[in-house]
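Here the structure is laid out as structure tokens; the discussion comes afterwards.
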Amino acid sequence: DAMVIQNPRYQVTQFGKPVTLSCSQTLNHNVMYWYQQKSSQAPKLLFHYYDKDFNNEADTPDNFQSRRPNTSFCFLDIRSPGLGDAAMYLCATSSIGGDSYNEQFFGPGTRLTVL
Amino acid sequence: QKEVEQNSGPLSVPEGAIASLNCTYSDRGSQSFFWYRQYSGKSPELIMSIYSNGDKEDGRFTAQLNKASQYVSLLIRDSQPSDSATYLCAASGGYNKLIFGAGTRLAVHP
């Protein structure tokens, strides 16, 4: 089945220790997104890639970086995690163009804990 | 600031009843609208998409869109305890983005 995969599902890191979260997709979608979601809040868009074009949200902290080495993979790097970065990190994909209407499909998420 | 507003709930309905979830959006330029279901600790799952004014039905789910009133709703017929979840409403926000509401928590009790 075509899907969006995130690894790891759970990540524990120490304050200030860099961490990388990964996302892969078999949907062949041209857009990939990273969201941060905290309890009882809406998913907050951090950035997205339209093909290779990187689009950063204005309020995304510099502490967050992303890489998309190819169509299938996308990574979220948190350079110096703080306690406030503990959250669920969601990867989503979408096919933009033609008759598509930006339906976004989410991976299972990575729950990040910062000690 | 583009926004999507939802009542946080909880909306409590008895098993077998119709659950009615509502949201409003601020951007008149939004063209597509989505409902996601999110179980506690899980990721959002797309359950309905709607692009035109009127109703769209899929099984027990009906999405309703009124662009003049900037209003989207989701009806769940014959509600089941397994429908208990948070329902996120989202509207297209331009530049390949979606604007999400904070969600309405639905509780279906036996």
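Sub-7 Å Cβ pairs linking a first residue in segment B:25-42 that is within 13 Å of A:N102 (Cα to Cα) and in contact (Cβ under 8 Å) with a residue 40 or more places away in the chain to a second residue that is surrounded by fewer than 21 Cβ atoms within 10 Å (Cβ to Cβ) and among the acidic types (D, E), at least 6 apart or interchain, are B:F34/A:E103, ordered by first then second residue.
Strands (runs of 3 or more DSSP E) fully within segment B:5-69 that include at least 3 residues being touching a Phe, Trp or Tyr at 6+ places or on another chain (Cβ under 6 Å) and within 11 Å of chain A (Cβ to nearest Cβ): B:45-50.
Taking first residues from segment B:87-110 that are within 8 Å of chain A (Cβ to nearest Cβ) and touching a residue at least 40 places away in the same chain (Cβ under 8 Å) and partners that are of a type in the set (S, T, Y) and part of a strand (DSSP E or B), the Cβ contacts under 6 Å between residues at least 6 apart in sequence or on separate chains come to B:L88/B:Y36; B:G103/B:T86. If you go through segment A:62-94 and keep only what is touching a Phe, Trp or Tyr at 6+ places or on another chain (Cβ under 9 Å) and β-branched (V, I, T), you end up with A:I78, A:T93. Can you tell me which residues in segment A:29-47 are facing chain B (nearest Cβ under 9 Å), closer than 21 Å to B:R37 by Cβ and part of a strand (DSSP E or B)? Matches in segment A:29-47: A:Y33, A:Y35, A:Q37, A:K44, A:L45. Could you tell me whether A:P18 is without any contact (Cβ under 8 Å) to a residue 12 or more places away in the chain and away from chain B (no Cβ under 11 Å)? No: the conditions fail for A:P18. Among residues that are of a type in the set (S, T, N, Q), under 19 Å from B:F100 (Cβ atoms) and outside any loop (DSSP other than H, G, I, E, B), A:Q65 is not included.
One line per residue, one yes/no per condition, for (1) touching a Lys or Arg at 6+ places or on another chain (Cβ under 7 Å); (2) surrounded by 19 or more Cβ atoms within 10 Å (Cβ to Cβ):
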| position | (1), (2) |
| --- | --- |
| A:Q25 | no, yes |
| A:A42 | no, yes |
| A:Q65 | yes, no |
| A:P69 | no, no |
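Only the coordinates and a few stated rules stand behind these numbers; no lab work does. Note that the structure is predicted; figures quoted are calculated from it, not measured. Note that each Cβ is placed from the backbone with ideal geometry, even for glycine, and that neighbours are counted across all protein chains shown.
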